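What follows is calculated from the coordinates using simple rules that are stated; it is not laboratory data. Since this is a predicted model, take the numbers as computed values, not measurements. Every residue, glycine among them, receives a Cβ derived from its backbone with ideal geometry; neighbour counts consider all protein chains shown.
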Amino acid sequence: MSLTRSQQQQLLQVARDSIAYGLKHGQALPLNSKEYAPELQVLRATFVTLEIKHQLRGCIGMLEAVRPLVIDIAENAFAAAFRDPRFPPVSEQEFHAPLDIHLSILSPAEVMSFYSEEDLIRQLRPGIDGLIMQEGSKRGTFLPSVWESLSEPDDFLQHLKQKTGLAKEYWSDSLKISRYECEYISESDDV
């Protein structure tokens, strides 16, 4: 699903407005999804990433589509700004720093089929695939944008294992891997 430039701008504005609303009211911007174009009402999973001077400042998202796209963006923008446990809440000063907002709209995840770690690595598509790794109750994901810093499939997989809470050399036949793609929307695309 490709959104028009106008719809992308609308989602970026919703994300920014939700953070501004959060600074004043301590909650995400309340929205009625029915007031938006049908493309923005579709159930979609998203991540919202915040950066200041190219440094991560927050990232929160959902792997399953449970809310309309525009609502998911508003909720995840608020959560990335105020509920990412790795960072203190975004301050008014940081909001005007400027705070760069990046949106990732996920395609539905597809379970991958592989017979070994080497087979899995051969199937990975650098720069395209986001991965969800699950082993028992442990689960982790890397968005496709992580390929920018981990460009080798072997490195990408080893680091995802660590993020999931597994050892780098861990392997099991019960390991479940799903892949997805993302449509990226960024304020820096305007430049």
Fill in the blank from the handout: Ordered by number, the chymotrypsin sites (Phe, Trp or Tyr not before Pro) in region 92-126 that occupy a DSSP loop and have at most 10 other Cβ atoms within 10 Å are TYR115
Completion exercise
Straight-line reach check, LYS138, cutoff 25 Å on alpha carbons, 8 or more apart in-chain or any other chain, hits among lysines -> LYS161, LYS163, LYS168, LYS176
Completion exercise
Reduced to Cα centres, the span from region 144-171 to region 61-106 in Å works out to 24
Completion exercise
Residues whose built amide H sits under 5 Å from the amide H of ALA65, excluding neighbours closer than 5 in sequence, are ALA45
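Could you order the peptides 129-141, 28-40, 9-21 from most to least packed, using the average number of other C-beta atoms within 10 Å per residue?
9-21, 129-141, 28-40
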Completion exercise
So for region 110-181, using the alpha carbon gyration tensor with a ≥ b ≥ c as root eigenvalues (a/c under 1.5 gives rounded; past that, a/b versus b/c decides prolate or oblate), I'd call it rounded
